[in-house]
Amino acid sequence: MWSKSNKFIINTLSSSKRISLLPSRYYSSNTNITNNNSNNKPLNLSEAILNSRLFHQQPSQLVEQKHHQQQPQFEQKHQPPKQQLHTFSDLNKMEVGDRMKSYEANQQILIQKEQPFIIRLDGHGFSKFTAVFKKPWDIRIHNAMIETATELLKTFHPKLVYTFSDEITLCFPFIEDPEKPETQAYAGKVQKLISLTAGFASTVFYKSIMNQKYDPEEKKLIERLQTAIPHFDSRIFTLPSNDEIIQNLFWRSSVDCRRNSVANLGHAHFKPKQMLGVSNREVKELLLTKGIDYDKEPDWYKFGVYLKKQSYTLNTVSRYNNEQVSCIRTRISNFSFDISKLENPMEFLREKSLPEDFNLSLRGD
């Protein structure tokens, strides 16, 4: 625990340093556009243009330039005519607009309604961003990733979200229900889904990581937060069946997450040379020599986290008659487990909202 005499918990968002979060490279020195600005103050775009050389030429200079351009007429006779630019008049505004829209439409890619698909987000350059955080894992990074995954589930409505490390997977299985046909997210527009998920996740994560608690003695970390702009890239791909979504989750959780979590724990306690060419089993054995048991690490670190909507009963008081009433609401529930042991993974995937009494049924428990 930190004593109040020399340490205290700070909230980065409330710190006065939040005023100067953007690095200095985002502020122009205006050295090229303030030659005529005696006070050397930053100029906006219109002021910069008015202070440029063109607007400070004397009329005689402009006439001299025009006369100079008209002299070599005998040379211009043998040159091909310059391409005429179309004028933008009221008559062709609609034509130009339709033409521009057609260019965009030609690049439009749609996902068919009966096609299962996955959107996977990955922290861009997160190895450098997280280098100053605690190893092998920092609970603040974990909390920010869970909050980001939760908001993605609320906003884009996949059936299931899975996250580990700096990755988030949104699962959209195809569920055929003639009585209650589902609306496809953003009409299946690939560019829309990719751009929105990447931008949305970047914003949520940034707000969340800045709102975590930090020790003022973590100077390098705080300095990194003041200059870094963490963000995500996003990709989308279709699958031939819902079963392939399950296989993707098996691979991500039981293979990728397990392998990376063992390796990261080893790198946190051993030098790179000691880890070179060492298998996961051997890493676990090396860790035991230091009294570190990988199997006792948190489940979310070993298997990742699955997020699903789940129903629950809310007991409240009616605002109309002040009587006790019960209603069904939905919230986001988190689960960490070995998906290879799940009794019915397809049911877990397809369920739009888990029932209130849902319990994980794992083989071997």
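When residues in the range 262-288 are screened for being within 32 Å of the chain's Cα centre (by Cα), aliphatic (A, V, I, L, M) and surrounded by 15 or more Cβ atoms within 10 Å (Cβ to Cβ), 5 of them pass. Can you pull out the residues in the range 326-365 that are among the β-branched types (Val, Ile, Thr) and loosely packed, with under 13 Cβ neighbours inside 10 Å? Scanning the range 326-365 gives a single hit, ILE328.
Scanning the range 346-365 for residues that are among the charged types (D, E, K, R) and part of a loop (DSSP other than H, G, I, E, B), we see that the one that is nearest to the chain's Cα centre (by Cα) is LYS352.
Residue-by-condition table, conditions (1) basic (Lys, Arg); (2) in contact with a helix residue (DSSP H, G or I) (Cβ under 7 Å, 6 or more places away or on another chain); (3) within 25 Å of HIS142 (Cβ to Cβ):
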position: THR289; (1), (2), (3): no, no, no
position: ASP295; (1), (2), (3): no, no, yes
position: ASP299; (1), (2), (3): no, no, yes
position: GLN310; (1), (2), (3): no, no, yes
position: THR313; (1), (2), (3): no, no, no
position: ILE332; (1), (2), (3): no, yes, yes
position: LYS341; (1), (2), (3): yes, no, yes
position: LEU349; (1), (2), (3): no, yes, yes
position: ASN359; (1), (2), (3): no, no, yes
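From the residues in the range 149-163 that are part of a helix (DSSP H, G or I) and under 11 Å from LEU307 (Cα atoms), which one is farthest from the chain's Cα centre (by Cα)? Out of the qualifying residues, it is LYS154.
On inspection, ALA198 qualifies as closer than 24 Å to ILE146 by Cα, buried (at least 18 other Cβ atoms within 10 Å of the Cβ), in contact (Cβ under 8 Å) with a residue 60 or more places away in the chain and not hydroxyl-bearing (Ser, Thr, Tyr).
Of the residues making up the range 260-278, those that are in a loop (DSSP other than H, G, I, E, B) and either at pLDDT below 90 or not aromatic (Phe, Trp, Tyr) (or both) are LYS271, LEU276, GLY277, VAL278.
Considering the range 164-220, and only residues there that are of a type in the set (Val, Ile, Thr) and over 22 Å from the mean Cα position of the chain (by Cα), the residue that is farthest from PHE250 (Cα to Cα) turns out to be THR183. Among residues of the range 98-113 that are under 16 Å from GLY188 (Cα atoms), those with a Cβ under 9 angstrom from a residue that is among the acidic types (Asp, Glu) and part of a loop (DSSP other than H, G, I, E, B), sequence gap 6+ or separate chain, pair up as LYS113/GLU182. Determine whether the range 334-345 contains at least one residue that is small (Gly, Ala, Ser), within 21 Å of SER165 (Cβ to Cβ) and under 26 Å from the mean Cα position of the chain (by Cα). Yes, there is a match, as at least one residue in the range 334-345 is small (Gly, Ala, Ser), within 21 Å of SER165 (Cβ to Cβ) and under 26 Å from the mean Cα position of the chain (by Cα). Within the range 288-307, residues that are without any contact (Cβ under 8 Å) to a residue 60 or more places away in the chain sit with their Cβ atoms under 6 Å from residues that are in a loop (DSSP other than H, G, I, E, B), at 6+ positions apart or across chains, in these pairs: ASP299/SER336.
The sole residue among ASP295, ASP256 that is in a helix (DSSP H, G or I) and surrounded by fewer than 13 Cβ atoms within 10 Å (Cβ to Cβ) is ASP295. For the range 309-325, the tally of residues that are among the small types (Gly, Ala, Ser) and surrounded by 11 or more Cβ atoms within 10 Å (Cβ to Cβ) stands at 1.
Here is a check on your reading of the model: is THR203 of a type outside the set (Asp, Glu), in a helix (DSSP H, G or I) and either more than 30 Å from ASP243 (Cα to Cα) or in contact with a Cys (Cβ under 8 Å, 6 or more places away or on another chain) (or both)? Quick ask: steps written out before the conclusion?
On the way: of a type outside the set (Asp, Glu): yes; in a helix (DSSP H, G or I): yes; either more than 30 Å from ASP243 (Cα to Cα) or in contact with a Cys (Cβ under 8 Å, 6 or more places away or on another chain) (or both): yes.
For THR203, the condition - of a type outside the set (Asp, Glu), in a helix (DSSP H, G or I) and either more than 30 Å from ASP243 (Cα to Cα) or in contact with a Cys (Cβ under 8 Å, 6 or more places away or on another chain) (or both) - is met.
Are any of the residues in the range 301-321 part of a loop (DSSP other than H, G, I, E, B) and polar (S, T, N, Q)? Yes: the range 301-321 contains one or more residues that are part of a loop (DSSP other than H, G, I, E, B) and polar (S, T, N, Q).
The values are calculated or read from the model by the stated rules, or taken from the named source; none is laboratory data. Nothing here was measured: the structure is a model prediction, and the numbers come from that model. We place every Cβ from the backbone using ideal geometry, glycine too, and count neighbours over all the protein chains shown.
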